[in-house]
Amino acid sequence: MINTTPDSFSDGGLYDTTEKAFRHAQQLIEVGADILDVGGESTRPGSRNVDLDEELERTVPLIKALREVSDIPISIDTSKPEVMRQAVAAGASLINSIWALQQENSLEVAAELDVSVCLMHMQGTPETMQKNPFYADVVVEVMDFLQQRIDAAIKAGIGKKNIIVDPGFGFGKTLRHNLLLLKSLHKFKSLGVPLLVGLSRKSMIGTILDKPVDQRLYGSISSAVIAAMQGADIIRVHDVSQSIDAIAMVDALNQTEG
């Protein structure tokens, strides 16, 4: 992930110019990243909205620069249809939507652009999502929501082959909710689309380990391994090379017969 923001929870301000973000992206490519996820607006709890022009300036030049030197798939993490349009025109091939394309015109634009989409579950908004989230059954409710959004996307003209889902760890969930989702990830395979998981450095890891953001590497890798063993197809991480090694062990185990 490449957050071109001053306020993202883990790396805010580290890559807040196109030049710095471009250098970081090249390093991620060199160590083996399969997809680059570019975001110009923080979605951490309590984060502020970014206006359209500012988000475009943070993301589109970077995508254009990357496309000139690499054919690696690029994801645009945005909620704004116009950012989706311009990012795809610049070379992005995946729309990563924390709102599951529920905002006005998002479904229609994504269908028109004919690229892959990732539909994420979130209870509330980034400003309010961690204020006493409640579920009767978090696994059932998140799965039901994602199925509804899959159905809505298909109805809007998005091919099922282009749909990915994300249960949204940390987006309107308590620690217990997050752990229940992680423990039950295998159930999400019944949705019939690829499963993306983002756990890297998140507060659930900090709470369990009592570690600040910059000391959550081992917890993040452990979480990625658990997710992969539960069937996650795409794992969104900050620490690429370490995560690749860890997932390689899971792949070797899964490919061994007997």
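Brief remarks on what is shown
- Looking only at residues of the stretch 199-220 that are loosely packed, with under 15 Cβ neighbours inside 10 Å and not hydrophobic (A, V, I, L, M, F, W, C), we find that the one that is farthest from the chain's Cα centre (by Cα) is Asp210.
- Sole exception among (1) surrounded by 15 or more Cβ atoms within 10 Å (Cβ to Cβ); (2) in contact with a Leu (Cβ under 9 Å, 6 or more places away or on another chain); (3) outside any loop (DSSP other than H, G, I, E, B) for His177, by number: (2)
- For Thr59, the conditions (1) outside any helix (DSSP H, G or I); (2) of a type in the set (Ser, Thr, Tyr); (3) touching a strand residue (DSSP E or B) at 6+ places or on another chain (Cβ under 8 Å) all hold with the exception of (1).
- No other residue among Val142, Val117, Val69 is of a type in the set (Val, Ile, Thr), modelled with pLDDT of 95 or more and in contact with a Gly (Cβ under 9 Å, 6 or more places away or on another chain) apart from Val142.
- Flag for Asp214 being at pLDDT 95 or above and in a helix (DSSP H, G or I): no
- Lys131 being assigned to a loop (DSSP other than H, G, I, E, B) and either at pLDDT 95 or above or in contact with a helix residue (DSSP H, G or I) (Cβ under 8 Å, 6 or more places away or on another chain) (or both): no
- Answer from Ala246, Ala232 - the residue that is surrounded by 16 or more Cβ atoms within 10 Å (Cβ to Cβ), at pLDDT 95 or above and not in a helix (DSSP H, G or I): Ala232
- Restricting attention to the stretch 79-125, the residues that are closer than 21 Å to Asn178 by Cα and surrounded by fewer than 19 Cβ atoms within 10 Å (Cβ to Cβ) add up to 3.
- The number of residues in the stretch 55-78 being surrounded by fewer than 21 Cβ atoms within 10 Å (Cβ to Cβ) and of a type in the set (S, T, N, Q) comes to 1.
- The listed residues are Ala153, Ala110, Ala90, and the only one of them that is among the hydrophobic types (A, V, I, L, M, F, W, C) and farther than 19 Å from Leu196 by Cα turns out to be Ala90.
- Identity of the residue in the stretch 25-52, modelled with pLDDT under 95 and among the charged types (D, E, K, R), that ends up farthest from Lys202 (Cα to Cα): Asp51
- Sole residue being of a type outside the set (Phe, Trp, Tyr), assigned to a loop (DSSP other than H, G, I, E, B) and at pLDDT 95 or above, chosen from Gly168, Gly206: Gly168
- Residue count for the stretch 113-164 satisfying the condition of being polar (S, T, N, Q), over 17 Å from the mean Cα position of the chain (by Cα) and more than 14 Å from Leu191 (Cβ to Cβ): 3.
The values are calculated or read from the model by the stated rules, or taken from the named source; none is laboratory data. Note that the coordinates shown come from a computational prediction; the quantities given were computed from them, not determined experimentally. Virtual Cβ from ideal backbone geometry, glycine too; neighbours counted across all protein chains shown.
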